[in-house]
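The values are calculated or read from the model by the stated rules, or taken from the named source; none is laboratory data. Keep in mind that this is a model prediction, so the values were computed, not measured. As a convention, Cβ positions derive from the backbone with ideal geometry for all residues, glycine included, and neighbour counts pool all protein chains shown.
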């Protein structure tokens, strides 16, 4: 059926993009990108501002559809009508850079956004959402302060707390593939450490993740494989085992200057 | 389950809910304003306002615009506005008259045709706003003239008598008091309950809040923002037709100008009711209470012996003051958001 699902080989990638391009008017954000995430794998995505990282994950998530010619595979199956609702129903959750919260709404509404719980009459089960939200907040977000209640509106929370809501939301739905877009931005040291621990816990739970960050020191220790994007193209793919952090940094500098990953001999 | 809940409660998680004032402040404010105004009217015109007749009059006339205000609340929460509903009131009622009075069809067929007219008007508004991304403030002024024009052409500018002899069922449903209670208010209470459930206990209602608060976030989380808005406009269309029929049966006559003059009361009810002009927050209960306050202003000003021209002044003032207050509150929330506290 597909090349990736070759018989006898290990399981097909959870998610695969082939020859994906995305153009906005005159601007080409992605140009012929091939990208895959394997089961139980944490894939890092590095690149400068405007390299196409956020566009790439919005294609993975179904928010943007790729230009014609691009193909999306989920567990080796070609998918055509890819949308956010479809992606989420198949177990892909994202912690967006812009957090994707509705700030005037209470925490519980944000936690269950687009996935509201319903009772057997088809009506919203508000009590269950409040209770579950309260439980998640104390278990996963470690909220003990008297200031945070499921009915509090998000606008009253700090940046780290808001990020906590966004991460807990992704975690709650037992996603098979979690995408984290610059999750450590604006976080304190201890909050950053917590976030990185969370990324590791995804792999321990047998799930996959895509981890996007500016900061190579955050990305390198937790990922299995690394994609480097530059001006909408994949400039290089590395297994962490094959490259040291110093070598990687050297190559990244080289990319920034020349647009090519290959070091001159 | 209960053990777990108890653990949550005792396990260092002592978060207090936000105070009642924060959560219901605007609703309590409206009730306070309403009460103060009632006192003022009682002092200004004690004979009128201690008599039950004036309250029966409110209860008959307020729902004629209050019911559509309940639905308009949904559209305003999504961050849009619909100014075309007065014309939809007329167009839907005109279709009812064409089908039953001129076409000779039974009353229920007329009701179905009128309801479908409301759906069609809402779909058109919703399509223009949500699918073509045209600002609703502008395009619904356009459709207001479009629907009114269509109605005037269809009826050739003439009215239709809606007497009890010809429409007994319609009068039973929409005009005769039930156990002495004005049926218009019973309809409004019924529709309030249905729409409260729709807004607060369905996914559609949850998405109405999300789309109005932050459309991009809602879409990133898989909410179909366009469809949510279209549904809200359809809701206004259908209830506008209902209000058109209700007010025409109330006056025993369909005037081609039906709906004219309901724009100001309706919008004032929504904004006075605490629904934010910026979208994302609002309440149908607030709109319900505010509609009766607006209805009382109308009757109060007239019976207090003040020139009726002052009613328009009062409604204008209500809209301006409540929107200004919302702006100030919204700014405060944004400042809180920046500082984190």
Which is within 18 Å of residue B:289 (Cβ to Cβ) and surrounded by fewer than 20 Cβ atoms within 10 Å (Cβ to Cβ), of B:36, B:44, B:69, B:113?
B:36
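Only one residue in B:227, B:219 is over 30 Å from residue B:99 (Cα atoms), over 17 Å from the mean Cα position of the chain (by Cα), in contact (Cβ under 8 Å) with a residue 24 or more places away in the chain and surrounded by fewer than 24 Cβ atoms within 10 Å (Cβ to Cβ). Which one? Outline the logic, then answer.
Values: B:219 fails: in contact (Cβ under 8 Å) with a residue 24 or more places away in the chain.
None of the other options fit; the residue is B:227.
I'm trying to understand the selection: among the residues of the range A:81-113, which are over 15 Å from the mean Cα position of the chain (by Cα), part of a loop (DSSP other than H, G, I, E, B) and over 17 Å from residue A:36 (Cα atoms)?
Kept after step one, since they are over 15 Å from the mean Cα position of the chain (by Cα), are these residues of the range A:81-113: A:81-83, A:85-86, A:89, A:101-113.
Filter once more, so that each one left must be part of a loop (DSSP other than H, G, I, E, B): A:81-83, A:101-105, A:112-113.
Answer for the range A:81-113, where residues must be over 15 Å from the mean Cα position of the chain (by Cα), part of a loop (DSSP other than H, G, I, E, B) and over 17 Å from residue A:36 (Cα atoms): A:81, A:83, A:101, A:102, A:103, A:104, A:105, A:112, A:113.
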Restricting the range A:90-99 to residues that are in contact with a strand residue (DSSP E or B) (Cβ under 8 Å, 6 or more places away or on another chain) and buried (at least 22 other Cβ atoms within 10 Å of the Cβ), the residue that is nearest to the other protein chains (Cβ to nearest Cβ)
A:96
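Would you mind finding the one in B:254, B:242, B:204, B:209 that is touching a residue at least 40 places away in the same chain (Cβ under 8 Å) and within 14 Å of another protein chain (Cβ to nearest Cβ)? Break it down into steps so the answer makes sense when it comes.
On the way: B:254 fails: within 14 Å of another protein chain (Cβ to nearest Cβ); B:242 fails: within 14 Å of another protein chain (Cβ to nearest Cβ); B:204 fails: touching a residue at least 40 places away in the same chain (Cβ under 8 Å).
Unique residue meeting the criteria: B:209.
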When restricted to B:15, B:40, B:7, the only residue out of contact with any strand residue (DSSP E or B) (no Cβ under 7 Å at 6 or more places or on another chain), part of a helix (DSSP H, G or I) and either within 14 Å of chain A (Cβ to nearest Cβ) or modelled with pLDDT under 75 (or both) is B:7
Give me a count of the residues in the range B:274-284 that are more than 10 Å from chain A (Cβ to nearest Cβ) and over 10 Å from the mean Cα position of the chain (by Cα).
5
Quick check, is residue B:236 more than 11 Å from chain A (Cβ to nearest Cβ) and either over 20 Å from residue B:77 (Cβ atoms) or at pLDDT below 95 (or both)?
no
Is it the case that the range B:138-152 has a residue that's assigned to a helix (DSSP H, G or I) and farther than 21 Å from residue B:92 by Cα?
yes
Flag for residue B:270 being within 14 Å of another protein chain (Cβ to nearest Cβ) and within 30 Å of residue B:149 (Cα to Cα):
no
Scope the range B:98-110; condition within 16 Å of residue B:242 (Cα to Cα) and surrounded by fewer than 15 Cβ atoms within 10 Å (Cβ to Cβ); matching residues
B:108, B:109
Any residue that is assigned to a helix (DSSP H, G or I), touching a helix residue (DSSP H, G or I) at 6+ places or on another chain (Cβ under 8 Å), surrounded by fewer than 19 Cβ atoms within 10 Å (Cβ to Cβ) and free of Cβ contacts under 8 Å to residues at least 40 places away in the same chain - is there at least one of those in the range B:299-306?
yes
Out of (1) over 23 Å from residue A:203 (Cα atoms); (2) touching a helix residue (DSSP H, G or I) at 6+ places or on another chain (Cβ under 8 Å); (3) within 11 Å of chain B (Cβ to nearest Cβ), what's the single condition that is false for residue A:188?
(3)
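Within 20 Å of residue A:237 (Cβ to Cβ) and in contact (Cβ under 8 Å) with a residue 40 or more places away in the chain: which single residue out of A:46, A:90, A:101 fits that description?
Working: A:90 fails: within 20 Å of residue A:237 (Cβ to Cβ); A:101 fails: within 20 Å of residue A:237 (Cβ to Cβ).
Going through A:46, A:90, A:101 in turn, the sole match is A:46.
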Looking at this structure, is residue B:193 closer than 30 Å to residue A:55 by Cα and under 19 Å from the mean Cα position of the chain (by Cα)?
no
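Go over the candidates A:81, A:125 one by one and state the one that is over 22 Å from residue A:180 (Cβ atoms), surrounded by fewer than 15 Cβ atoms within 10 Å (Cβ to Cβ) and out of contact with any helix residue (DSSP H, G or I) (no Cβ under 6 Å at 6 or more places or on another chain).
Of A:81, A:125, the one residue that is over 22 Å from residue A:180 (Cβ atoms), surrounded by fewer than 15 Cβ atoms within 10 Å (Cβ to Cβ) and out of contact with any helix residue (DSSP H, G or I) (no Cβ under 6 Å at 6 or more places or on another chain) is A:81.
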Is it the case that some residue within the range A:48-61 is over 21 Å from residue A:216 (Cβ atoms), in contact with a helix residue (DSSP H, G or I) (Cβ under 6 Å, 6 or more places away or on another chain) and surrounded by 22 or more Cβ atoms within 10 Å (Cβ to Cβ)?
yes
Looking only at the range A:169-202, count how many residues are modelled with pLDDT of 85 or more, over 16 Å from residue A:221 (Cα atoms) and not in a loop (DSSP other than H, G, I, E, B).
5
Which numbered condition trips up residue A:239, out of (1) within 23 Å of residue A:176 (Cβ to Cβ); (2) surrounded by 18 or more Cβ atoms within 10 Å (Cβ to Cβ); (3) in contact with a strand residue (DSSP E or B) (Cβ under 6 Å, 6 or more places away or on another chain)?
(2)
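Conditions tested, residue by residue: (1) without any contact (Cβ under 8 Å) to a residue 12 or more places away in the chain; (2) surrounded by 21 or more Cβ atoms within 10 Å (Cβ to Cβ); (3) touching a strand residue (DSSP E or B) at 6+ places or on another chain (Cβ under 8 Å); (4) away from every other protein chain (no Cβ under 12 Å).
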| position | (1), (2), (3), (4) |
| --- | --- |
| A:69 | no, no, yes, yes |
| A:76 | no, no, yes, yes |
| A:115 | no, no, no, no |
| A:130 | no, no, no, no |
| A:134 | no, yes, no, no |
Kindly indicate whether residue A:59 is within 19 Å of the chain's Cα centre (by Cα), more than 10 Å from chain B (Cβ to nearest Cβ) and either in contact (Cβ under 8 Å) with a residue 40 or more places away in the chain or more than 22 Å from residue A:157 (Cβ to Cβ) (or both).
yes
